[in-house]
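Below you'll find the structure, written out as structure tokens, and then a few comments.
The values are calculated or read from the model by the stated rules, or taken from the named source; none is laboratory data. Small disclaimer: the values here were computed from a predicted structure and weren't measured. Cβ coordinates were reconstructed from backbone atoms using ideal geometry, including for glycine residues, and neighbour counts include every protein chain displayed.
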Amino acid sequence: MGSKNKIVNHLFWRLVYSPKTVKFLLNNLYRYKYIDKSLHAILEKEFVSTDTRLTCYNTITYFAALSLNPQNLAQNINHNQIKTHFYFGKKDGLFPPGIGERFISKLGNANLYIIDDGHDLVNLNLNELMKSHLQN
């Protein structure tokens, strides 16, 4: 919504240059339980500087321009016999494991790994796990 609606997109753009407003919004989203403690901590790190807020803004708006058809993607992965590995956090509220479970059911050569973690999966343990899967 924020990337396609011009008014909301403009508000997002203004937030890039308003750290106090971002902090206020994040704290209230947490306070009123729209986000949990883990996601609040991740977002605080993501929005710590103008550069990181701009990166987030660009990511949201650029991803909105992508048109992805999951069925076509699955067909192309299968046709080209691409082995895929999907990693999800068991406690991830933004990208729950069910997304991977639904998509992997369309693939012939895929693995789904559900890590006992939240949205912030990038840690040493995950890196080592991915490294071992890619080497095999």
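Is it the case that segment 109-120 has a residue that's without any contact (Cβ under 8 Å) to a residue 12 or more places away in the chain, over 30 Å from residue 18 (Cα atoms) and more than 15 Å from the chain's Cα centre (by Cα)?
Filtering segment 109-120 for residues without any contact (Cβ under 8 Å) to a residue 12 or more places away in the chain gives none.
The answer is no, given that none of the residues of segment 109-120 is without any contact (Cβ under 8 Å) to a residue 12 or more places away in the chain, over 30 Å from residue 18 (Cα atoms) and more than 15 Å from the chain's Cα centre (by Cα).
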Take residue 101 and decide whether it is out of contact with any strand residue (DSSP E or B) (no Cβ under 6 Å at 6 or more places or on another chain), under 28 Å from residue 132 (Cβ atoms) and at pLDDT 85 or above.
yes
Out of everything in segment 74-88 that is within 21 Å of the chain's Cα centre (by Cα) and within 21 Å of residue 121 (Cβ to Cβ), what residue ends up being surrounded by the fewest Cβ atoms within 10 Å (Cβ to Cβ)?
85
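Condition check ((1) within 26 Å of residue 116 (Cβ to Cβ); (2) surrounded by 12 or more Cβ atoms within 10 Å (Cβ to Cβ)) across all residues:
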position	(1), (2)
4	no, no
23	no, yes
32	no, no
37	yes, no
52	no, yes
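Of all residues in segment 47-81, count the ones that are outside any loop (DSSP other than H, G, I, E, B), within 18 Å of residue 9 (Cα to Cα) and not basic (Lys, Arg).
Total meeting the criteria: 14.
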Take segment 36-93 and flag every residue that is of a type in the set (Lys, Arg) and free of Cβ contacts under 8 Å to residues at least 24 places away in the same chain.
37, 45
